[in-house]
Structure formats: structure tokens, C-alpha cells
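Below: one structure, written as C-alpha cells.
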Amino acid sequence: MPFSVAPVLECRGRLVVVLASGDPFWHGVGGSLAKHLSPGEWISRPAPSTFSLAAARLGWRLEEVTCLGLHAAPLETVLPHLVRGLRAICLLRDGTAASALAALLTARDFGDSRLWVMEALGGGCERIRATQAKEFNITDAAAPLAMAIIAEGAPGRTRTFGLPDDSFIHDGQITKRPVRALTLSALAPRPGELLWDIGAGSGSISVEWCLAGGRAMAVEARATRADHIRANAAAFGIADRLTVVIGTAPDALAGLPTPDAIFVGGGGNSGLFELLWVAMTPRVRLVANAVTLETEALLIAQQAQRGGDLLRIELAQVSPLGAMRGWLPSRPVVQWSAVK
């Protein structure tokens, strides 16, 4: 974190002034302090934030701008937002971070993006310099620092479910694109909600859940696959929202925060489903997929006992067949979805 609130809290009960830049409740110290205090213990006197000052200098409508606090978060946090035409204002820690952000944009095919490096906005040493991501050569930028971006280049990732399988690092253990789209539709992610992804494999379900604004606990027994999940989370810029838990259910679930939805992608058995159902609070969604006859029979029994929906997913893709083409069917998937 960029600062500690402990010295201020040690003065609790006395009259104390905290001098904070701009609006302390927008990516500032205000929220960090207020969560430790009672409402009657503090008064805030906000001034124009860095975001407001930057928008004012550029003539941008602030309600149309994505505002990110990259001074206290990984630079990859910008990645889920990257689409052609995006306007963003990012707080940065220092000049090195500015160079790294320009390099990240260039590496993700947004090298044509227009950048404004903005130093000490509102102060006597204010300086604003414009450049392009691929031509970035500003080496003397100093904090307090922000960067404004108009993204130009690649279209960016789609916001719909079912990203291409080759978007993820995996060893073959991945919920394939069409089935993943149907699975996420059944899980129905909402911003801020928590998913338990049991038998996560590559973490593709967790990643797309987080891209929809949620948080995920990816439970995976194999260390190599856990590494793949972490790498995928970093590549998509959602590492701060996806936690990897190495182990097998149900033991690995002990102590985890209560979920809003649960996905069982592998290793399900009647004992696990019994434990999950008991642990689930009202309105929690549970989705499980089966590809074997044994797991299919298990899900049929669970649906008969607990209700919900059963869906059989049968897909086929065009494949060469001699000199012509034919349909190559995939293994059918049976999906059980239920709400407690």
C-alpha cells in the first residue's frame, strides 16, 4: 500500500487534521480511514481530485472516463478495460510506472494510443506532455503523476462470455468455449459477487467470472495447474480478484468466505454436493458439469433430490472427412444448475 493509516489511528480521541490530495474518497485515504472510525468522528473537506483536474485540462466529460488508481494496484488492472476508443485517467506511482504502462499498452497492440503524462496537477510545477505509447521516451516524469489515455489499436477483448480457448494457458483441462459460455450464463455473475470454482483446471471459469466484475476462489489440487491459473489471472489483469487455493474439496473449502455461486467442474461426488448444499445460504447458485456416465448419474440424482434444471449439451464442429468435410461431435456434457 502507498501509506499506512496506523499513525493517524494512534491519535484517536484527539483533534487531528489529515492533509490529503484532492478528493480523499476517490482512490484516496478517506475510505481507508473511515472504515476504522465511526461516522461522527470525522469530517471531510474534499478538493478537486486528480481525475477532475485532468479532465478539466483535456476537456473530457468525466462521466465518460474510466478512472483507475494504478498507484496502488498492478498496472495490468487496466487490461480488462482496454477497448478501442477508451478514455482513461490513471494515477501512477512514479515515472518508471509511466514507462511500464506505455510498454504494456504497446505489447497488447495498443501502441497507437495517445497518452498525456500529467505531473503535479493544480500545483506550481504542473506539467503536461503528450506522446504515443509506442514512442514513449519520457524519462523524467515525477510524482504526483497521472496518465490520460485514448486507446487506439486492437479492438480489445469482447465483453461476452466464451473467450477463445487459446486465450488461456492450459494443459487440456479447460471448460471449452461454448460450454464455458453456457456455464457462465447459468452461474449468472454480478459485480462484487464471490465464486467458488472447484476443480478449476486452467481457471477459465474464474477468469471470465472476474471479468464480469466478481471475485473468485479457484480450488485446484495440482500445483502446475494452480500456476496456470495465476498466470491467466495476471494476463487478464484480474489477479487482485482471483485467489488460488491449492487442495481438494471439501477440505480446501474450510475457512473460505461464503460464496454467491459455486461451480463444480471436476471431482464431484454425493458427499461433496451434500456438504455444499448444507453450507450454501439462500439464493446461492450451484452449477456442475459432467462428461462421464457416473457423474451424469450423480447429477441426475441431485436434480431429483434438490430440484433445479438439467441441460444436455451436444456440440459438433466441422472437420475434414476425406476430400470433403463432416461434423465431428464432442463428448456430450450434462449440466445441473440449481438455486437453494
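Worth a mention:
- Tally of residues being without any contact (Cβ under 8 Å) to a residue 40 or more places away in the chain, of a type outside the set (A, V, I, L, M) and not in a strand (DSSP E or B) across the stretch 128-153: 4
- Candidate set: the stretch 200-236, residues that are more than 11 Å from I169 (Cα to Cα), surrounded by 24 or more Cβ atoms within 10 Å (Cβ to Cβ) and of a type in the set (G, A, S); chosen: the one modelled with the lowest pLDDT: A200
- Taken over the stretch 163-188, the residue count meeting the criterion of being assigned to a loop (DSSP other than H, G, I, E, B), touching a residue at least 40 places away in the same chain (Cβ under 8 Å) and farther than 23 Å from I246 by Cα is 2.
- When the stretch 276-305 is filtered for residues that are in a helix (DSSP H, G or I) and surrounded by fewer than 14 Cβ atoms within 10 Å (Cβ to Cβ), the ones remaining, listed by number, are V278, L293, E294, A297, A301, A304, Q305.
- Scanning the stretch 70-105 for residues that are in contact (Cβ under 8 Å) with a residue 24 or more places away in the chain, within 14 Å of A141 (Cβ to Cβ) and polar (S, T, N, Q) yields a total of 1.
- Within the stretch 259-285, residues that are assigned by TED's automatic domain parsing to the domain that holds T183 and more than 20 Å from S202 (Cβ to Cβ) have Cβ atoms under 6 Å from residues that are of a type outside the set (A, V, I, L, M, F, W, C) and part of a helix (DSSP H, G or I) in these pairs: F273/Q302, counting only partners at least 6 apart in sequence or on another chain.
- Scanning the stretch 106-122 for residues that are under 17 Å from F51 (Cβ atoms) and either free of Cβ contacts under 8 Å to residues at least 12 places away in the same chain or assigned to a strand (DSSP E or B) (or both) yields a count of 5.
- The residues of the stretch 28-63 that are in contact (Cβ under 8 Å) with a residue 12 or more places away in the chain, in a loop (DSSP other than H, G, I, E, B) and more than 19 Å from L86 (Cα to Cα), listed by number, are G28, H36, L37, S44, P46, A47, P48, S49.
The values are calculated or read from the model by the stated rules, or taken from the named source; none is laboratory data. For clarity, every value in this text was computed on a predicted model and none was experimentally measured. Here the Cβ is made from the backbone with ideal geometry for all residues, glycine too, and neighbour counts use every protein chain on show.
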